[in-house]
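The values are calculated or read from the model by the stated rules, or taken from the named source; none is laboratory data. A quick note: this is a predicted structure, and the numbers were derived from the prediction, not measured. Positions of Cβ are generated from backbone atoms using ideal geometry, with glycine treated the same way; all protein chains shown enter the neighbour counts. To get the accessible areas, we keep the full protein, side chains included, count just its heavy atoms, and leave off ligands, DNA and RNA. Shrake-Rupley method; radii C 1.70, N 1.55, O 1.52, S 1.80 Å.
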Amino acid sequence: MGAFEKLQQHLKQLPGLGYRSAERIALHLLVEKPERLPTLIAALDEAGRSVHRCTRCGNLAELELCPICADEKRNQRLLCVVEHVPDLVAIERSGAWRGVYHVLHGKLSPMHGVAPADLNIAGLYRRIETGEVDELILATANDVEGEATCHYLIEHLPKERPIKVTRIGFGLPSGAGVVFADASTLKSALEGRRGYG
């Protein structure tokens with residue numbers, strides 16, 4: 001396999017890129033705008049070395065805490081649980097949430113081999129056990145796996161620290177993820193959250 005084909009194969013493995021998109025990007029970088037290649041490689045290398053998971057919530061961070069966890073103006077006692085970082089980004093874009101987050105990095109899915117130990121659940125329960133959470137807002141997808149994840153989280157909540165648990169859902173279509181909702185829908189979903197569990 002030649003260098004071009006190898007680059008195209010690696011690009012094709014990225015989410016949202018098929019054969020044609022990978023081919024287009026490879027040609028763009030190698031033929032049309034080769035001067036962009038060194039800066040892209042440097043940016044990827046730097047991000048690979050300096051970006052990691054926030055030690056508190058699992059968001060992207062360059063320091064120990066992400067900018068959201070480090071922001072003292074945020075309500076640290078309201079915790080919105082999301083499946084993935086893009087879900088967090090979508091909610092942030094809505095401007096409707098001034099609390100903090102916890103990123104699970106997935107959802108329970110026995111069919112796909114995703115068990116509780118594969119998710120960032122232990123970190124969530126540690127935050128609850130230390131007494132830093134008053135309300136848990138569950139913002140997982142409105143599908144079978146998202147609901148199963150919510151049920152699991154509720155069933156295994158630390159009993160010694162009772163907290164309020166709510167679930168977003170108003171305005172989110174069944175089977176759709178948070179990341180696909182527009183800002184107005186997300187704002188309505190957060191404002192219209194309901195008791196859960």
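I'm told H105 meets every condition in (1) assigned to a helix (DSSP H, G or I); (2) at positive phi; (3) not acidic (D, E) except one. Can you identify the failing condition by its number?
With (1) assigned to a helix (DSSP H, G or I); (2) at positive phi; (3) not acidic (D, E) applied to H105, the lone miss is (1).
Only one of L138, L63 is of a type outside the set (F, W, Y) and in contact (Cβ under 8 Å) with a residue 12 or more places away in the chain. Can you tell me which?
Answer to the check: L138.
Here's the yes/no breakdown for (1) open to solvent by less than 40 Å² (accessible area, probe 1.4 Å); (2) outside any helix (DSSP H, G or I); (3) at pLDDT 95 or above:
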{"position": "L17", "(1), (2), (3)": "no, yes, no"}
{"position": "A22", "(1), (2), (3)": "yes, no, no"}
{"position": "A26", "(1), (2), (3)": "yes, no, no"}
{"position": "V31", "(1), (2), (3)": "no, no, no"}
{"position": "L37", "(1), (2), (3)": "no, no, no"}
{"position": "T55", "(1), (2), (3)": "no, yes, yes"}
{"position": "G58", "(1), (2), (3)": "yes, yes, yes"}
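Which one of these is open to solvent by less than 10 Å² (accessible area, probe 1.4 Å) and either under 15 Å from C54 (Cα atoms) or at pLDDT 95 or above (or both): L119, L104, L78?
Of the residues listed, the single one that is open to solvent by less than 10 Å² (accessible area, probe 1.4 Å) and either under 15 Å from C54 (Cα atoms) or at pLDDT 95 or above (or both) is L104.
Looking at T140, T130, which one is under 21 Å from R53 (Cβ atoms), surrounded by fewer than 17 Cβ atoms within 10 Å (Cβ to Cβ) and either in contact with a Ser or Thr (Cβ under 9 Å, 6 or more places away or on another chain) or of a type in the set (S, T, N, Q) (or both)?
Residue meeting the stated conditions: T130.
Is it true that L65 is open to solvent by 70 Å² or more (accessible area, probe 1.4 Å), among the hydrophobic types (A, V, I, L, M, F, W, C) and under 30 Å from L186 (Cα atoms)?
Here the answer is no, as L65 does not meet what is asked.
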